[in-house]
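None of the figures in this text is laboratory data; all of them are computed from the coordinates on show. Model, not experiment: these values are computed from the prediction. Here the Cβ positions follow ideal geometry from the backbone for every residue, glycine too, while neighbour counts run over all protein chains shown.
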Amino acid sequence: MLTTVGDSPQACLRAGQALGLLLLHMAVHGVQGQPLGQVTDTEGPRRRLAAVLGLVGVPQLVLRLGYASGHVATTRRALDDVLI
């Protein structure tokens, strides 16, 4: 979980910078992350999450981390099928 002291635009920017560094560090070590945005998208769930976990800060992002096993790439539509 990524938290900030406050919920100002500057705090959100710092959280984004921290997330960028975290994702780069994870990639170097083969770890993948999946954001669980529904937990922090709106104010009500964010406050409940902070209260339940006894957080001092403001939750900005919950990120599930792990090692992915091999996966097959999905097929893509041809560019001509997508552009008009």
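Listed by first and then second residue, the pairs with beta-carbon distance under 6 Å, at least 6 apart or on different chains, first residue in region 43-68 and without any contact (Cβ under 8 Å) to a residue 60 or more places away in the chain, second of a type in the set (D, E, K, R), are 58/7; 59/46. For region 12-54, the tally of residues that are exposed (fewer than 11 other Cβ atoms within 10 Å of the Cβ), over 12 Å from the mean Cα position of the chain (by Cα) and small (Gly, Ala, Ser) stands at 4. Sub-7 Å Cβ pairs linking a first residue in region 1-20 that is closer than 16 Å to residue 39 by Cα to a second residue that is assigned to a loop (DSSP other than H, G, I, E, B) and among the aliphatic types (A, V, I, L, M), at least 6 apart or interchain, are 1/62; 3/55, ordered by first then second residue.
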